[in-house]
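Just below is one structure, and these are the notes that go with it.
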Amino acid sequence: AQSVTQLDSQVPVFEEAPVELRCNYSSSVSVYLFWYVQYPNQGLQLLLKYLSGSTLVKGINGFEAEFNKSQTSFHLRKPSVHISDTAEYFCAVSGSGNQFYFGTGTSLTVIP
Amino acid sequence: DGGITQSPKYLFRKEGQNVTLSCEQNLNHDAMYWYRQDPGQGLRLIYYSQIVNDFQKGDIAEGYSVSREKKESFPLTVTSAQKNPTAFYLCASSIRWQEAFFGQGTRLTVV
């Protein structure tokens, strides 16, 4: 079985400050890892994904994440946030069985 | 442009009424999914389908039904047996399990 834990339900951060959104997963098999962003009343948009290769993954809008197999983590980072980054962020994992498992989400609020 | 189209964007249901949410994709993906989203609970899987004419229950299938008669279409029916249907519903599709593509969602409200 696979599962995802997002450790922070809400993260407030000042504009232009760095941010890290934490994600841990559990799985007995090799996995693929994802971060999605959701704006109010919209669907989810892919920020970045780890399938294989380099453990540091760069995505859209200046976000990046690092896959750490030993710590089963896939934390999302951005060095300087903007007001437009205010949104809900979801970490997800997939593997055998063609299913995706999502965390409960982290609400990022950027404060001017 | 390729993508996933959900309709309607907003839907109102009376008590005891069945309603059907539409999901169409032109990405040529084999797998399709329905999720329910409630505040603070993330996305919960209702049903998924890996090929035409086949689908499996997810974690919260009770009170819902689906069909997969065409590769492009995966409609979800919310039946009167679903006691708390008010939620945001998201449809997604994927190639194997390498990335899920989402529609814009349907917000269902019981009136």
State the dimensionless ratio Rg/Rh of the protein assembly as shown (Rg: radius of gyration of Cα atoms; Rh: Kirkwood radius).
-> 0.97
Relative contact order %, the range B:1-42, counting alpha carbon pairs below 8 Å whose residues are six or more apart = 44 percent
Rounding to the nearest 20 debye, state how big the charge dipole of the protein assembly as shown is about its Cα centre with +1 on each Lys and Arg Cβ and -1 on each Asp and Glu Cβ.
-> 380 debye
Scoring the range A:7-111 by relative contact order with C-alpha pairs under 8 Å, at least six apart, yields a percentage of 37 percent
So between B:K57 and B:N26, what do we pick up on full extension, going 0.36 nm a residue minus the alpha carbon distance?
-> 8.8 nm
Chain B, relative contact order [Cα under 8 Å, separation at least 6], % | 35 percent
Eight or more residues apart or on different chains, and alpha-carbon atoms under 25 Å: count the Lys pairs in the protein assembly as shown matching that.
-> 14
Non-local residues with an amide H under 5 Å from the amide H of B:G3, with H modelled 1.01 Å from N and Pro and chain starts lacking one, are B:N26, B:L27
Taking the Cα centre of each part, how many Å lie between the range A:1-66 and the range B:1-59?
-> 23 Å
Charge dipole (debye, nearest 20) of the range B:1-58; +1 at Cβ of Lys and Arg, -1 at Cβ of Asp and Glu = 300 debye
Which one of B:I46, A:S26, B:T5 is farthest out on the positive end of the charge dipole of the protein assembly as shown, using unit charges on Cβ (Lys, Arg +1; Asp, Glu -1) and the Cα centre as origin?
-> B:I46
With 5 Å bins from zero, work out the P(r) of the range B:58-106 over every alpha carbon pair and list the percent per bin.
-> 5, 16, 23, 27, 19, 8, 2
Taking the Cα centre of the range A:18-112 as the origin, how large is its charge dipole in debye, to the nearest 20, when only Lys and Arg (+1) and Asp and Glu (-1) carry charge on their Cβ atoms?
-> 160 debye
For the range A:32-44, in order, what is each residue's ³J(HN,Hα) by Karplus, 6.51 cos²θ - 1.76 cosθ + 1.60 with θ = phi - 60°, in whole Hz (x at glycine and Pro)?
-> 10, 10, 9, 10, 10, 10, 10, 8, x, 6, 10, x, 8
Per-residue average of other protein chain Cβ atoms inside 10 Å, peptide A:99-110 -> 4
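Throughout, read-outs are computed from the coordinates displayed, never taken from laboratory work. Here the structure is a predicted model, which is why all the values come from computation and not from measurement. So basically every Cβ, Gly included, is an ideal-geometry build from the backbone, and we count neighbours across all protein chains shown.
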